[in-house]
Amino acid sequence: MKIKNLLFIAGAAIILSSCGNSISSNVKLESEMDTLSYALGNSVATSLNSQATTLNDLNYNAFVNGMKDVFEKNDVKMNEEEVTNFIRKYFSKQRALKLRANLDNGIAFLAENKDKKGIITTTSGLQYEILSEGTGKSPTAVDTVICHYHGTLIDGTVFDSSVEKGEPFTTALNRVIPGWTEGLQLMKEGSKYRFYIPTELGYGVRIRPGGKIEANMALIFEIELLEVIEVK
């Protein structure tokens, strides 16, 4: 969300919810305006949390007074340019710190993981282990595969799973992340492998906000190759 839009919504939320009164956590949604006020406040919090993970210590008094000073035409402590520049720099800094932390965590995890029994590392940095070996054909990079997968973060958090959905996943291997394209070509039909994918072979920084996968995260996929559909 753009900063100006964020500030506008935040301002509306403060005006509608506080109106100069102390903020109570025991709010009741008894009218349409009550519900709108709560919804706007909820939207602001969601927008802020999507941009940074360090807002647990937000000074609510300063937050409210920053809005009241503008709307009540008090002596504001920062002009519009200073506000915009400070917020932009703050969230840019937080994003950079998060990117670095995710990258470092992934590198450390893979460095330790590669020395475990049964782990094979390819020249690209992809790591995998064979859980069970099949006897069918292997796909090429342009073939379509039908498979089951179970995807987790390195801390074990599940972010997606065809196994849990109860329906196999069908895809062309040239339309998935590089770790999949490379990894599934190592498999035969009937095989089940576990892949440890560094961020450069995963999604990198190309992440939609709000999901469990964050930019620069290493990922783990357990994949069972059910069928290869060859390109004719």
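Every number here is computed from the coordinates shown, using simple stated rules; none is lab data. It should be emphasised that the depicted structure is a prediction, and the values quoted were computed from it without experimental measurement. Reconstructed Cβ throughout: ideal geometry from the backbone, glycine too, with neighbour counts over all protein chains shown.
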*Rg/Rg_globular for segment 144-232, with Rg_globular taken as 2.2 N^0.38 Å and Rg from C-alpha atoms*: 1.06
_Compute the distance from the alpha-carbon center of segment 123-153 to that of segment 207-232, in whole Å._
10
*asked:* Straight-line reach from LYS117: which aspartates and glutamates fall under 12 Å, measuring Cα to Cα and dropping same-chain residues less than 8 apart?
replied: GLU129
*Straight-line reach from LYS232: which lysines have a Cα under 28 Å away, not including same-chain ones fewer than 8 places off?*
LYS137, LYS188, LYS192
*Distance from segment 64-97 to segment 154-187 (C-alpha centre basis), Å*: 42
_Karplus-derived HN-Hα couplings along segment 102-116 (A = 6.51, B = -1.76, C = 1.60, θ = phi - 60°), whole Hz, x at Gly and Pro_ = 4, 5, 4, 5, x, 4, 5, 4, 5, 5, 6, 5, 5, 8, 6
*Please work out how much length the chain gains when fully extended from THR35 to THR122, using 0.36 nm per residue of separation minus the C-alpha to C-alpha distance, in nm with one decimal.*
25.8 nm
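Note down the net charge around ARG100, summing +1 for each Lys or Arg and -1 for each Asp or Glu among other residues with Cβ under 14 Å from its Cβ. Present the calculation step by step, with values, prior to reporting the outcome.
On the way: positive: LYS93, ARG95, LYS98; negative: ASP104, GLU214.
Within the 14 Å Cβ shell, the charges total +1.
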*Is any residue of segment 192-232 close enough, with backbone N under 14 Å, to a label point placed 7 angstrom from the Cα of GLU133 along the Cα-Cβ axis, and if so, which?*
192-193
*If you stretched the chain out fully between ASN42 and ASN174, how much longer would it get, using 0.36 nm times the residue separation minus the C-alpha to C-alpha distance?*
43.5 nm
